[in-house]
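Inspection log for the structure reproduced underneath, given as C-alpha cells.
None of the figures in this text is laboratory data; all of them are computed from the coordinates on show. Quick caveat: nothing in here was measured; it's all calculated off a predicted structure. Glycine gets a Cβ as well: all are built from the backbone with ideal geometry, and neighbour counts include every protein chain shown.
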Amino acid sequence: MDISNKRILIIKQSSLGDVIHTLPVAHAIKRCNPECTIGWIVQKPFAGLLERDPAVDEVIPIAVPSTSDPHAGRLAFLHAAKASFTYLRKLRRQFRLNSYDVILDLHASIRSAMLALTNPGGIRVGFGDAKELNPLFQHHKITVPESVEHAVDKNLLFCDFLKCPAIQSDFTLYTDKKDEDNVAIFLEKSGWDTAKPI
C-alpha cells in the first residue's frame with residue numbers, strides 16, 4: 001500500500017505500555033514516508049507522551065472512562081458509553097472536515113473500530129485476530145503468525161504491511177527536560193544514587 005503523502009491515523013488509546021509499544025510503528029512510517037501526516041487517537045493521560053514525539057503530527061486526545069477498572073462503580077459502563085458517543089460525534093465532525101486516508105487500528109476492540117468508522121472514506125487496517133467483532137470493520141486484516149507473541153512484534157506487522165520495516169532507531173521514547181528532572185527528583189527521594197545508571 002502506497003502511503004506517501006497520505007494522512008495516516010493511528011488508533012491506540014491506552015494503556016501507557018501499549019502506547020509505548022506502538023511508537024515504533026509511527027517512527028518507521030514517518031522515517032520511510034517523511035511527507036505523510038500521522039495523527040493518533042489516545043486517552044488524555046497519555047497525550048503528552050505523543051505531543052513530544054516528532055513522528056506524530058496531530059494528537060487527538062479523548063477521555064472515555066475505563067470499564068475494566070476494578071474500582072469502577074456500577075455506572076461505569078453508562079459513563080463510558082455516554083463519553084464514547086460524545087467523542088464519536090465530535091470526531092465525526094472533525095474528520096468530515098479533514099479526513100485521514102489510512103486508519104491503523106492497533107487497539108483491536110469494538111470501541112476502536114467505532115472510532116475508526118468516524119473517519120469517512122479511509123482505508124481501515126486492523127488485526128485479523130482482534131476481539132469484539134473488530135475485524136468485521138476492517139478493509140485489510142493483518143494476520144498474526146502463532147510465533148509472534150510480544151505486543152511490539154505484533155504491532156510491527158503493520159510496518160511490514162505498509163512496507164516500512166522498523167530499524168533500531170525507531171525504538172525511541174522522546175522526553176523533555178521537565179520529564180528528566182521529575183525522574184531525577186523521584187529517584188533522589190527514593191534514595192537512588194542518580195549518578196549510577198539504572
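Report, in order of residue number, the helices in the chain meeting two criteria: a C-alpha extent of 20 Å or more along the helix axis, and a mean Kyte-Doolittle hydropathy of at least -1.0; treat each whole DSSP H run as one helix.
Membrane-span-like by this criterion, though nothing is claimed about a membrane: 16-32, 76-97.
If you put +1 on each Lys and Arg Cβ and -1 on each Asp and Glu Cβ, how big is the dipole of segment 7-167 around its Cα centre, in Debye rounded to 20?
720 debye
Take the alpha carbon atoms of segment 184-198, find their center, do the same for segment 119-160, and report the distance between the two centers in whole angstrom.
Between the Cα centre of segment 184-198 and that of segment 119-160, the gap is 40 Å.
Once amide H atoms are built 1.01 Å from N in the peptide plane, which residues 5 or more positions from Ile38, or in another chain, come under 5 Å H to H?
For Ile38, whose amide H was placed from the backbone, the distant partners under 5 Å are Ile8, Asp57, Glu58.
Name the long-range amide H neighbours of Ala130: under 5 Å, sequence gap of 5 or more, or other chain; modelled H, no Pro or chain starts.
none
Where a Cα-Cα gap under 21 Å defines reach, which lysines qualify for Lys82, not counting those fewer than 8 residues away within the same chain?
Leaving aside lysines fewer than 8 places away in the same chain, those within reach of Lys82 are Lys12, Lys44, Lys90.
If R₀ is 30 angstrom, what is the calculated FRET efficiency for the pair His140 and Arg31, using the beta carbon separation as r and rounding to 0.05?
0.90
I'd like to know which of Phe46, Ala28, Ala76 lies farthest towards the positive end of the charge dipole of segment 7-167, counting +1 on Cβ of Lys and Arg and -1 on Cβ of Asp and Glu.
Projecting each Cα onto the dipole axis, the largest value belongs to Ala76.
Segment 40-198: D in µm²/s via Stokes-Einstein (Kirkwood Rh, Cα pairs, 37 °C, 0.692 mPa s)?
For the chosen part, D equals 179 µm²/s.
Which net charge results for the neighbourhood of Ala55, defined as the other residues with beta-carbon distances under 10 angstrom from its beta-carbon, given Lys and Arg at +1 and Asp and Glu at -1?
Once positives and negatives cancel, what remains is -1.
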